[in-house]
Amino acid sequence: MKLSKTNRIWTVLALACTGFRSEVSGAQTTREAVGTAIPSVVEVRSPIMLEAVTDQITGKSAFSFNGEEVPPIIRTSPGETVIIDYANHMSPDSREQCVDGTCRNMTNLHFHGLHVSPAAPQDDVITMMAMPGESLHYVVDIPKDQPPGLYWYHTHPHGESYQQSLDGMSGAIIIDGIDRYVPEIRQMTERVLVLRDFDLTADPSARAKMSNAVTLSTAPCGDVTEKPERIFTVNGVIRPKIPIAPGEQQFWRIVNASPDLYADLEVDGSMMTVVAMDGMPLGFHDPLHPRREMKHVLLPPAGRLEAVVRGPKGQNATLLTRCVDTGRDGDPNPRMVVADLDDRTDEPRKPEPVSTTSSFPSHPTEFALSKTLLEKTETSAPQFAVEFTEDDHGFYINGKKYGPDAPPMAVVRTGHLVHWKVTNETDEIHPFHIHQVHFLLYAINGKRVEHPIWLDTANVPTRGQLDLVMDFRDPIIRGLSLFHCHLLKHEDKGMMAKILFQ
């Protein structure tokens, strides 16, 4: 990626003010941005020109938009079409290592959580692929009944998803209309917070400093004994300051874009009023219960949270992630501070209130599901079983590694709710994700969940199982799609399978 002299100067000045990371421009690095104010992220509507580039200094892959390595927020509404021209300008000679050797720098886009077609030119991650020098043209039709909320986009080339996600090739998608279910958010400040990774191993001399910056806990967290290799950033900044006055209510939309870090989020001294998970408003299928008060919320990699947060009273309040026990074969996931809540009122640029839409075509009660239908599905025998296993040679679903030429492992007919069972026969947790649809997680290890939630990514406990109601009713979902573990290194090493929607 090349920038004109004028653009380079502008970029340096702009990023120096915001704290965004950009080695290409020579501006502040993430490390230097510790503790700065939370930066806003540019929002765009279709049509969009997006590039995949190789950072000239670090050799890492990145998204570039308008000449900056800052992935934009894509905002759209139900019934609209999102058009993206995606050009692969990455170097054909990568300096990075992927799971099977040197990365090839192939790339594509996945529109995570959207109920859109898996066929080209929409959410096709199987046949749509761009090598360096090639481009892809996406035309994504957002259904009129798409649940409004927070989604995200990230690259999905098999074998290279982990490294590209680790490099930060991801961004948020917002579908307007969630105010239909929680009207009070219309007057609140909206904040979009994208959690990504900062590598502590890149500069060993700075490990202690960066660990101290986020108050990284050294207390035991389960049976994992290894040192943590990464910490969270928020919109590219380590432990930023989020302006919020004591008692003020803000609407936060948070996506865990890490390839394998869990975020068990908690705000000091305050409950969160959760209104949506994984882009699905709680009131979409259950209009009588559109809100839920929660002390903390576990977001697996790819998970999203939308909640009303109240500014705590007192000093030194933080947004933190608690210790997550990932199992004896899992990776370290200790407690750390993600951001500070700053009660200052001199925020340089106050975010706009939550944008609303008057075009959402449905009444909030239109998609309510009958308890009779759900109970019938839940008590039926599982129509399909997913089993996660692993050994020294790889990661498997139902004893098989993913292959691009493999036939579909599951074939389903659209038009029905279906019971699936997902089992984890390993000693580490795995987040189960399926493309194109949401599911209701209603039982864990055979025990009924007290307040089931519709998700697109759910954690499967070690040596445990989940019971899910899969929503396969949408007639526009036709063709080949995927389900997989969303620990992306596991996916790249084979823990993925095809599903054919008929």
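All of the numbers you see were taken from the coordinates with simple rules; none came from a lab. Everything quoted here is computed from the prediction, not taken from an experiment. Here the Cβ positions follow ideal geometry from the backbone for every residue, glycine too, while neighbour counts run over all protein chains shown.
Where both bridge residues fall in the chain, DSSP classifies roughly 75% of the beta bridges as antiparallel.
By the compact-protein rule of thumb, 2.2 N^0.38 Å, the alpha-carbon radius of gyration of the range 376-499 corresponds to a ratio of 1.01.
Per-residue 3J(HN,Hα) values for the range 72-85, derived from phi via the Karplus relation 6.51 cos²θ - 1.76 cosθ + 1.60 with θ = phi - 60°, read x, 7, 8, 10, 8, 10, x, x, 8, 10, 9, 10, 10, 9 Hz in sequence order (x marks Gly and Pro). For V70, the residues whose amide H sits under 5 Å from its own are F65, ignoring neighbours fewer than 5 places away on the same chain, with H placed 1.01 Å from N. Dipole magnitude for the chain: computed about the Cα centre from +1 point charges on Lys and Arg Cβ and -1 point charges on Asp and Glu Cβ, it is near 700 debye. Note on the chain: helix-only mean residue ellipticity at 222 nm, from DSSP H runs of 4+ residues weighted -39500 (n - 2.57) and normalised by residue number, equals -2500 deg cm²/dmol.
Per-residue Karplus couplings for the range 44-58, computed as 6.51 cos²θ - 1.76 cosθ + 1.60 with θ equal to phi - 60°, are listed in order as 9, 10, 4, x, 10, 10, 10, 10, 9, 10, 10, 4, 5, 9, 8 Hz, Gly and Pro entered as x. Quick note on the range 421-477: its Rg to Rh ratio, both from C-alpha atoms and Rh being the Kirkwood radius, is 1.00. With 10 Å bins beginning at zero, the pair-distance distribution over Cα atoms of the range 183-342 amounts to 11, 39, 34, 14, 3, 0 %. Among V449, I429, H393, flag the residue with its Cα farthest along the positive direction of the charge dipole of the range 371-501, charges on Cβ as +1 for Lys/Arg and -1 for Asp/Glu. Result: V449. With contacts taken as Cα pairs under 8 Å at a separation of at least 6 residues, the range 183-342 carries a relative contact order of 32 percent.
Per the Kirkwood formula applied to alpha carbons, the chain shows a radius of gyration over Rh ratio, Rg over Rh, of 0.93. Neighbour counting of Cβ atoms within 10 Å sorts the residues T225, T273, fewest neighbours leading, into T225, T273.
In order along the range 145-161, the Karplus-derived 3J(HN,Hα) couplings, from 6.51 cos²θ - 1.76 cosθ + 1.60 at θ = phi - 60°, round to 9, 4, x, x, x, 9, 10, 7, 10, 7, 6, 8, x, 4, x, 10, 4 Hz, and Gly and Pro are given as x. Gain on full extension, evaluated as 0.36 nm per residue between H416 and D392 minus their Cα-Cα distance, stands at 4.8 nm.
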